[in-house]
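The values are calculated or read from the model by the stated rules, or taken from the named source; none is laboratory data. Every value quoted in this text rests on a predicted model; they were computed, and no experiment measured them. Neighbour counts are summed over all protein chains in view; Cβ atoms, including those assigned to glycine, are modelled from backbone coordinates with ideal geometry.
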Amino acid sequence: MTSKSERRFDVLVVGAGPAGLAAATSATRAGARTAIVDAGVAPGGQYWRHPAPSEHGVSAAEVAHLHHDLATYHRLVAGLPAVAQFFQHHVWTVTRDRRGFVVHLVDRTGGGEQAVELHSRRLVLAPGAYDRQIPFRGWDLPGVMTAGGVQALLKGHGVVAGQRVLVAGTGPFLLPVAAGLAESGARVVGVHEAASPPAWLSELGAVIRNVGKLGEGAGYARVLARHRIPVRARSVVVSAHGTDAVERVTTMRLDHQGRVVPGTERTVAVDVLAVGWGFTPQLELPLALGCATRVDVDGSLVCEVDDEQRSSVEGVFVAGEACGVGGAALATVEGQIAGAVAAGASSVAPRLRRSRAALRRFAQAMHRSHPVPPGWVDRLSDDTTVCRCEEVPFGALRSMQQDLVGHDGRSAKMLTRVGMGYCQARTCGYAVSCILGQEPSGTSGFAERPVSSPLTLGALATSCPTENDPPPAE
Amino acid sequence: MSQPHFSFDGSQIPFRPGQSVGAALTAVGVRSWRSTRGAGRPRGLFCGIGVCFDCLIVVDGRPNERACLRLAEPGMEVSTQEGTGHGDLEV
């Protein structure tokens with residue numbers, strides 16, 4: 001156990017993805033005593049996910065071809081030795097003390113569980129995001145996975161999720177997932193993108209300012225062409241079939257309004273379906289601290305931040321996907337700004353501001369081109385699982401609404417157990433909000449103070465209250 | 001160097017150091033290792049990054065470990081999780 005003085009910092013960064021790495025290195029450079037904490041085994045977050053360091057194990061070199069812009073990653077990681085690092089540490093909540101914040105972690109190194117508390121004057125929250133999901137018939141069969149999960153198996157473990165994979169949903173992220181699978185030996189039987197390809201043409205201004213990002217897309221398109229992978233636009237998976245695992249999926253065409261065209265069903269054999277509908281930012285910690293939020297163009301709940309990445313809560317900065325899903329390049333710029341300002345820098349380089357503005361416009365253009373098509377709720381049957389943890393079927397929510405006994409997430413949770421399980425509505429929260437006709441509220445619609453990682457009572461019992469500190473502020 | 005293994009419901013599963021339990025099981029074609037509390041349906045990896053808690057598994061007698069996060073170790077005893085994994089506490 002480190003001594004108490006070793007656990008006090010000027011700036012503590014939560015999350016070691018692009019935004020967090022950039023924030024930690026720029027805060028250290030500005031002279032702040034800095035710490036970085038992350039649940040993962042190595043720096044990189046989801047975007048630059050790397051295998052756990054090991055001898056004779058999966059090496060970073062063998063997954064390098066799956067990555068983009070590793071030069072930036074290596075530059076950021078080179079700055080880490082000056083930062084106190086806490087990997088495999090899961091933050092479960094943040095409270096305050098007189099001098100700033102207390103970050104409560106569970107140390108899960110070596111498979112154990114030990115409570116740890118770190119103190120910091122300022123926080124940079126860079127919690128990232130995970131794949132957004134919408135329910136469909138059969139999505140709870142083993143072999144149906146999130147696109148990000150399939151990518152994580154490849155990048156983090158050198159494992160190909162399946163032999164015959166269909167990639168579906170919407171957004172530019174589907175392309176690197178399909179390309180990575182094909183390059184690693186899987187047969188990708190198709191990429192089914194719900195959006196229309198020319199949709200971004202109406203956003204040409206933002207796109208032209210980001211030709212680098214387009215080049216990245218063209219690279220993946222070349223890989224898909226080389227492997228003869230069919231890419232179908234305006235196509236959606238309506239159901240997955242199988243007994244104990246997915247064996248087939250049925251796709252349908254979408255019309256220009258995003259509604260399925262009757263009679264266009266096609267069924268294809270697969271052993272894995274990789275699906276994603278954009279991303280849901282991980283907002284538990286900003287919400288627990290009371291940071292102001294807004295609903296972004298993509299329908300995600302995100303944090304409000306000012307020009308210097310300050311949240312509405314004094315001393316708390318937010319960077320990356322949590323203030324608007326926009327990809328690694330944008331997250332890196334936001335992290336750089338947040339880290340420097342949190343460390344006390346008086347101004348932000350105009351170059352960074354310009355770059356952030358252009359990348360944000362590009363992200364908004366991409367969101368407008370890749371909406372979740374309407375009509376998916378109409379395709380649910382009463383027995384379609386909506387909440388995977390608590391096995392709550394769509395019919396339970398529908399009859400609750402018919403009986404006019406509840407319309408919001410909290411009522412639905414109490415009446416049907418939706419969002420009450422281990423994941424605390426991270427997976428089904430977006431879908432349940434849509435089904436109930438409510439504005440997306442992330443997990444906050446289901447709990448006032450969402451816990452960002454469950455921990456055992458045993459670990460909680462090892463957590464010692466900090467001496468001389470007042471109880472957490474309300 | 002011989003490849004390390006852990007046991008899964010009595011079978012020996014090879015893995016490469018740095019792989020999670022869930023990744024190693026996926027690599028040998030095992031798709032599910034949990035039955036749900038309600039309908040007893042099979043589940044395995046879904047989000048793959050520690051968010052969804054679908055891949056719960058019993059490791060060295062301890063239930064509710066996330067197979068996607070828990071790194072495989074030589075000699076580990078891993079088994080399918082039935083329901084809550086606490087059937088021994090049922091009355």
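When the stretch A:109-133 is limited to residues that are within 14 Å of chain B (Cβ to nearest Cβ) and in contact (Cβ under 8 Å) with a residue 60 or more places away in the chain, the one that is surrounded by the fewest Cβ atoms within 10 Å (Cβ to Cβ) turns out to be A:GLU113. Counting residues that are at pLDDT below 95, which helices (runs of 4 or more DSSP H) fully inside the stretch A:7-87 reach at least 3? Correct list: A:60-63.
Please specify each residue of the stretch A:341-354 satisfying the condition of being in a helix (DSSP H, G or I) and surrounded by fewer than 18 Cβ atoms within 10 Å (Cβ to Cβ).
So the first thing to find is which residues in the stretch A:341-354 are in a helix (DSSP H, G or I), and the list is A:341-342, A:350-354.
Across the stretch A:341-354, the qualifying residues are A:PRO350, A:ARG351, A:LEU352, A:ARG353, A:ARG354.
Residue count for the stretch A:68-84 satisfying the condition of being touching a residue at least 60 places away in the same chain (Cβ under 8 Å) and either surrounded by fewer than 18 Cβ atoms within 10 Å (Cβ to Cβ) or touching a Pro at 6+ places or on another chain (Cβ under 7 Å) (or both): 3. Among residues of the stretch A:409-427 that are at positive phi, those with a Cβ under 6 angstrom from a residue that is of a type in the set (Phe, Trp, Tyr), sequence gap 6+ or separate chain, pair up as A:GLY419/A:PHE446; A:ALA425/A:PHE446.
The residues of the stretch A:126-147 that are closer than 28 Å to A:ALA16 by Cα and not in a loop (DSSP other than H, G, I, E, B), listed by number, are A:ALA129, A:TYR130, A:ASP131, A:VAL144, A:MET145, A:THR146, A:ALA147. None of B:LEU25, B:LEU89, B:LEU71 is facing chain A (nearest Cβ under 8 Å) and among the aliphatic types (A, V, I, L, M) except B:LEU71. Counting only strands (runs of 3 or more DSSP E) wholly contained in the stretch A:182-274, the ones carrying 1 or more residues that are touching a Lys or Arg at 6+ places or on another chain (Cβ under 9 Å) and at pLDDT 95 or above occupy A:187-193, A:235-241, A:248-253, A:266-269.
Do the conditions hold for A:ASP271, that is, is it out of contact with any Cys (no Cβ under 8 Å at 6 or more places or on another chain) and surrounded by 16 or more Cβ atoms within 10 Å (Cβ to Cβ)?
So A:ASP271 fits the description; yes.
Can you tell me which residue in the stretch A:301-316 is surrounded by the fewest Cβ atoms within 10 Å (Cβ to Cβ), limited to those that are of a type in the set (A, V, I, L, M, F, W, C) and modelled with pLDDT of 95 or more?
So the residue we want is A:VAL313.
With respect to (1) charged (D, E, K, R); (2) surrounded by fewer than 23 Cβ atoms within 10 Å (Cβ to Cβ); (3) part of a loop (DSSP other than H, G, I, E, B), the lone exception for A:ASP298 is condition (2). Of everything listed in (1) within 8 Å of another protein chain (Cβ to nearest Cβ); (2) closer than 26 Å to A:ALA147 by Cα; (3) surrounded by fewer than 16 Cβ atoms within 10 Å (Cβ to Cβ), the single unmet condition for B:GLY38 is (2). Here the condition is being more than 9 Å from chain B (Cβ to nearest Cβ), surrounded by 24 or more Cβ atoms within 10 Å (Cβ to Cβ) and either among the aliphatic types (A, V, I, L, M) or assigned to a loop (DSSP other than H, G, I, E, B) (or both); of A:VAL167, A:VAL150, it holds for A:VAL167 alone.
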